[in-house]
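Enquirer: Sharing a structure with you now.
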Amino acid sequence: MPSATPSSPRVVLGVTGGIAAYKSVDLLRQLRALDYHVAPVLTPDATRFVGAVTFSALASEAVRTSLYGDSTTPIPHTYLGQHCDLVIVAPATAHLIARYAIGLADDLLSATLLATRAPVLLCPAMHTEMWEQPAVQENLATLRRRGVMMLGPEVGPLAGGDAGAGRMVEPDVIVEMAQRILEGHRGPLSARHVVISAGGTREAIDPVRVIANRSSGRQGYALASVAARLGARVTLVSTVSLELPLDVARAITVVPVESADELLAAMVKLQTSADALIMAAAVADFRVRAASHKLKRRDGVPVLELEATPDVLAALVEGRGQGQVIVGFAAESEDVEANAREKLVRKGVDLLVANDVSAPGVGFEHETNEVTIFERSGAREVVSLRDKEGVAEVILTRVASLLAQGAS
Ligand code: CTP
C-alpha cells in the first residue's frame with residue numbers, strides 16, 4: 001500500500017454502488033499519482049461492483065466499509081471527516097445523494113460526509129430517468145445551496161446498453177477539479193470579476209404600475225453562485241432579491257436595479273473592471289413614457305404609446321474591453337436554433353445561451369432549465385434538463401475556457 005508524503009493533501013474517496021465504480025479505481029490511481037493521501041470508503045453496495053482489495057492495493061490506507069472501526073481507528077467516520085482536505089464521492093448514486101441531503105448517517109460514507117468540514121465534490125451517476133426525477137434534482141439543489149460541489153453527469157452510454165444523461169464524468173476531469181480545490185487556486189475563475197444581470201426589468205407606466213415580465217431571476221442567481229464557487233468575484237445586477245447560499249454570499253455583491261435604463265447604467269459602469277459579462281436578465285424591449293401622476297380610472301382607458309428601451313447587450317459589445325467575454329441569452333419559443341445563431345451574430349456575443357421556453361420544465365418560473373450554448377466558432381453544446389446551477393456550471397466552464405484562451 002503506497003503512502004503519500006506527510007504534507008500531501010488528504011482525500012477521502014467515497015465510492016457508491018453504481019457501474020461507474022470501476023472508473024473510481026483509475027480515479028484513485030490518478031489521485032495517488034499526484035501524491036495525494038487517499039483514504040477510500042466503499043459503501044456495502046460498491047463492493048458488489050468493485051473489489052475492496054483493488055482499492056486497498058492502490059490507496060494510502062486500507063479500504064473502509066464499516067461504521068465500526070478497529071483498535072487503531074475506533075471511530076472511523078470522525079477520523080476520516082476530521083483528517084481530510086476534500087471528500088470526493090464518485091460515483092454518487094441517487095441513494096447516496098438523498099441520504100446526504102436529509103442528513104442520514106447510516107453507513108460509513110454518509111456518516112463521514114456529516115462529520116467533515118472539508119469541501120465535498122459529488123460526481124453523480126445514474127440512469128437518465130433517475131437523474132431527471134424531481135426528487136433527485138431537489139436533493140442536488142439542496143446540497144448545492146449548502147456549498148456542496150458537483151461535477152457532471154455527462155450524456156453518453158449508460159449501463160445495460162442505454163444512453164442519455166447520467167454518465168459519470170471521466171476521472172481526469174475529477175482529478176483536475178480536485179487539484180483546483182486542493183491546491184488553492186479555488187477554481188478556474190479565480191481572480192476574475194464576473195458581472196451578471198438577473199431578473200426581469202420593470203418599466204414604470206405611472207408611479208404605481210409597471211410593465212414587467214415573467215423572469216424569476218433564478219438562472220442569474222444560479223450563475224452568480226456557481227461563478228463564486230469557481231473562484232470569481234461576482235457582481236450581480238438584479239431586479240429581484242433572492243436568497244444567496246451561505247458559502248458564496250460573501251463573494252457576491254448585489255446591485256439592485258429596476259428599469260432597463262438603470263440596468264444599462266450599472267452594467268456599463270461595471271464593464272470597466274469586468275472579465276466576463278453575462279446578460280441573463282430579461283430586459284423589456286419596450287416601455288412607455290411614464291406619467292408623473294397615477295393614471296385615474298375616471299379619466300378613461302389610457303392609450304399607452306410604447307418606445308424602445310436601450311439594448312444593454314449591444315452597448316456592452318460596443319464597449320467591449322480587451323479579452324472580455326460577453327454572454328447573451330435568448331428565450332425563444334420557435335425555431336430556436338436558427339433564431340439563436342442569427343442572434344449570436346447580430347448581437348456580437350461570444351456565447352449565446354438559448355432556451356426553448358415552450359418546452360416542459362424550461363425557462364421562466366421553473367426550477368430547472370435546458371439550454372443550448374452556441375459559440376462564435378459554430379460549435380454548440382446541448383445542456384440537458386437539470387437545475388439552474390447545473391446549467392450555470394456548464395456555461396461558466398465555457399466562459400472560463402474562453403477567458404483562458406484570451407477571447408477576442
Ligand atoms: N437584451 C438587452 N437589452 C434589451 C433586450 C435584450 O441587453 N433591451 C439582452 C438580453 O439580456 C439577452 C439578449 O439581449 O441576453 C437577447 O434578448 P432577446 O430579448 O432574446 O433579444 P432581442 O434582441 O430583444 O430579440 P427578440 O426580437 O427575439 O426579442
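Values in this text are rule-based calculations from the coordinates and carry no lab data. As the structure is a computational prediction, the values presented were derived from the model and not from experiment. With ideal geometry, Cβ positions are generated from the backbone for all residues, glycine too; neighbour counts draw on all protein chains shown.
Enquirer: Pairs of lysines 8 or more apart, or on different chains, with alpha carbons under 25 Å: count those in the chain, would you?
Expert: On the way: Lys269/Lys343; Lys269/Lys347; Lys343/Lys388; Lys347/Lys388.
So the count of such lysine pairs works out to 4.
Enquirer: Next question. Rg and Dmax in Å for the stretch 88-233, alpha carbons only: what are they?
Expert: Gyration radius and largest Cα-Cα distance of the stretch 88-233: 18.6, 61 Å.
Enquirer: Can you list, largest first and rounded to whole Å, the semi-axes you get for the stretch 259-338 by taking the square root of 5 times each eigenvalue of its Cα gyration tensor? Before the final figure, lay out the partial values.
Expert: Numbers: eigenvalues 210, 65, 15 Å².
The answer is 32, 18, 9 Å, longest axis first.
Enquirer: Continuing with this model, one more query. If the viscosity is 1.567 mPa s and the temperature 4 °C, what translational diffusion coefficient in µm²/s does Stokes-Einstein give for the stretch 1-130 when Rh comes from Kirkwood over Cα pairs?
Expert: Values: Rh = 14.4 Å.
Estimated via Stokes-Einstein, D reaches 90 µm²/s.
Enquirer: Could you tell me what a quarter of the Cα convex hull surface of the stretch 193-405 works out to, in nm² with one decimal place?
Expert: It is 12.5 nm².
Enquirer: Report the one residue of Gly220, Ala282, Gly300 whose Cα lies farthest in the direction of the positive end of the charge dipole of the stretch 193-405 (charges on C-beta: Lys and Arg +1, Asp and Glu -1; origin at the Cα centre).
Expert: Going by the charge dipole, the pick is Gly300.
Enquirer: Follow-up question, since we're still on this one. Please report the relative contact order for the stretch 168-307, taking Cα pairs under 8 Å with a sequence separation of at least 6, and give it as a percent rounded to a whole number.
Expert: 31
Enquirer: Please provide three numbers in whole Å: the alpha-carbon extents of the stretch 88-165 along the principal axes, with the largest listed first.
Expert: Here the Cα extents, ordered largest to smallest, are 37, 23, 19 Å.
Enquirer: How large is the dipole of the stretch 310-394 about the Cα centre if only Lys and Arg carry +1 and Asp and Glu carry -1, each at its Cβ, rounded to the nearest 20 debye? Numbers along the way, then the final one.
Expert: Numbers: 9 positive and 17 negative charges, 84 e Å.
Dipole size: approximately 400 debye.
Enquirer: How big, in percent, is the set of alpha carbon pairs in the chain lying more than 42 Å apart? Each step should come with its number before you reach the end.
Expert: On the way: 17181 of 83028 pairs.
So the pairs more than 42 Å apart make up 21 percent of the total in the chain.
Enquirer: Follow-up. What residues have an amide H closer than 5 Å to that of Phe286, excluding those fewer than 5 places away on the same chain, when H is modeled at 1.01 Å from N in the peptide plane?
Expert: When sequence neighbours closer than 5 places are left aside, the close amide H contacts are Thr309.
Enquirer: Can you tell me what share of the DSSP beta bridges in the chain is antiparallel? A percent to the nearest 5 is fine.
Expert: Working: 20 of 63 bridges.
DSSP beta bridges in the chain are roughly 30 percent antiparallel.
Enquirer: Here is a follow-up. Compute the separation of the alpha-carbon centres of the stretch 52-124 and the stretch 324-340 and state it in Å as a whole number.
Expert: If we compute the Cα centre of each part, the gap is 42 Å.
Enquirer: Right, next: Fully extended, how many nm does the chain gain between Ile75 and Val268 (0.36 nm per residue separation, minus their Cα-Cα distance)?
Expert: On the way: separation 193, 0.36 × 193 = 69.48 nm, distance 5.59 nm.
Gain in length upon complete extension: 63.9 nm.
Enquirer: For the pair Ser401/Arg376, report the inter-label distance in nm, with labels modelled 7 Å from Cα in the Cβ direction.
Expert: 1.7
Enquirer: Roughly what % of DSSP beta bridges within the stretch 193-405 run antiparallel, to the nearest 5?
Expert: Numbers: 16 of 42 bridges.
Counting only bridges with both partners in the stretch 193-405, antiparallel ones make up about 40 percent.
Enquirer: A further question follows. Using only the alpha-carbon atoms, how far is helix 388-405 inclined from the longest principal axis of the chain? Give it as 0 to 90 degrees, nearest 10.
Expert: Between helix and principal axis, roughly 90 degrees.
Enquirer: Okay, helix-only estimate at 222 nm for the chain: each DSSP H run of n ≥ 4 adds -39500 (n - 2.57), divide by all residues, round to 500 deg cm²/dmol; what do you get? Don't jump to the answer; show the numbers that get you there.
Expert: On the way: 14 runs with 136 residues, N = 408.
That calculation yields -9500 deg cm²/dmol at 222 nm.
Enquirer: Quick check on packing: order 36-45, 85-94, 285-294, 365-374 by the mean number of other C-beta atoms within 10 Å, highest mean leading. Write out the running numbers ahead of the final one.
Expert: Numbers: 36-45: 23.2, 85-94: 25.0, 285-294: 13.1, 365-374: 19.6.
The peptides rank, most packed first, as 85-94, 36-45, 365-374, 285-294.
Enquirer: By how many degrees, 0 to 90 and rounded to 10, does the Cα axis of helix 336-347 deviate from the longest principal axis of the chain?
Expert: 70
Enquirer: Sticking with this one: What is the angle, in °, between the Cα long axis of helix 260-271 and the longest principal axis of the Cα atoms in the chain? Nearest 10 is fine, range 0 to 90.
Expert: The two axes meet at around 50 degrees.
Enquirer: Here's a follow-up. Quick one: dipole size for the stretch 10-182, taken about the Cα centre, charges +1 on Lys/Arg Cβ and -1 on Asp/Glu Cβ, in debye to the nearest 20.
Expert: Numbers: 13 positive and 16 negative charges, 75 e Å.
For the stretch 10-182, the charge dipole is close to 360 debye.
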